[in-house]
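Bear in mind that the values in this text are calculations on the coordinates, not laboratory data. All figures in this text were calculated on a predicted structure; none of them were measured in a lab. Virtual Cβ from ideal backbone geometry, glycine too; neighbours counted across all protein chains shown.
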Amino acid sequence: MVMGEREMADLLGAPVVLGAGPVGRTVAAVLVARGIRPRVVTRSGTAIEGTGPCLADLADADAARVALGGASVVFQCAQPPYHRWPQEFPRLQRSVVRACEASGAVLVAIENLYGYGPVPVPLTEDRPMKPTTRKGTVRAAMWAELLDAHRAGRVRAAAVRASDFFGAGVLDSAYGDRFFGPLVSGGKAQMLGSPSVFRMPTQTIPSRGCRSSSPSTTQRPSFPSDTSALETSCVKVRIAGPGVSSGVLP
């Protein structure tokens, strides 16, 4: 059931954002724009205008419990280094789940699409996960744990899943610095992967909706689901103006 304005106001009474990457910063900015001062938890105590910075190692269960104390909702946008996902990501999530369990906070986890594996059709919320990569297996297992915790009544949880990000501060995405950097200087944008593969790039603008009673996975595609990477790139090249082009990395 979609929340009403009063329920949403209660939910956002004491929000905590974990991580200060592109998604974490965007979530924090949206909250600040609504007149809400979120607590932003990072390992370095990063200060973001309009927020309350908090330094904590979220993989440490005790530190996470203190950092998330009194939270009404937790936006989990933090992650370990990409190459350390199998070793560190599950532990980090378990620590966050236990902290949310202690505080009674709703947990909104930002995820990606790795857990689904290759799919020949547009994705839907009820599609089962069938990972074919190591990181996809990590993501699928983490979602299974989160869903189990939700169903057991330990924590109220939701997941927001997105494909390739683009937008302010996004550097390492397929549509990050490698793509947009050359565009703004009149050069050739570089594209990862097959240009014929359908992509649903996601701008770093979080959804304003929230579900209260059941876990939810929501995609916010910025282009139609039948748009290929090549077509998406052409749109962005046209926006960038004349004198720019795109190419595919081998």
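In this simple spin-label approximation, ALA152 and GLU49 carry label points 7 Å from Cα along the Cα→Cβ vector, and these lie 4.4 nm apart. Counting other Cβ atoms within 10 Å as a rough exposure proxy, the listed residues GLU111, GLU5 run GLU5, GLU111 from fewest neighbours to most. Rg and Dmax of the stretch 7-165, based on Cα coordinates, read 15.3, 44 Å. In order along the stretch 58-71, phi translates into HN-Hα couplings of 5, 6, 8, 4, 5, 5, 5, 4, 5, 5, 9, x, x, 6 Hz, rounded to whole numbers, per the Karplus curve 6.51 cos²θ - 1.76 cosθ + 1.60 with θ = phi - 60° and x for Gly and Pro. In terms of its C-alpha gyration tensor, the stretch 65-107 comes out prolate, because a/c is 1.5 or above and the ratio a/b outweighs b/c. Evaluated on the stretch 113-169, the Kirkwood hydrodynamic radius is 12.7 Å, with distances taken between all distinct Cα atoms. Listed by Cβ neighbour count within 10 Å, with the fewest neighbours leading, LYS135, LYS188 appear as LYS188, LYS135. Residue order for ASP10, ASP164, fewest other beta carbons within 10 angstrom first, comes to ASP10, ASP164.
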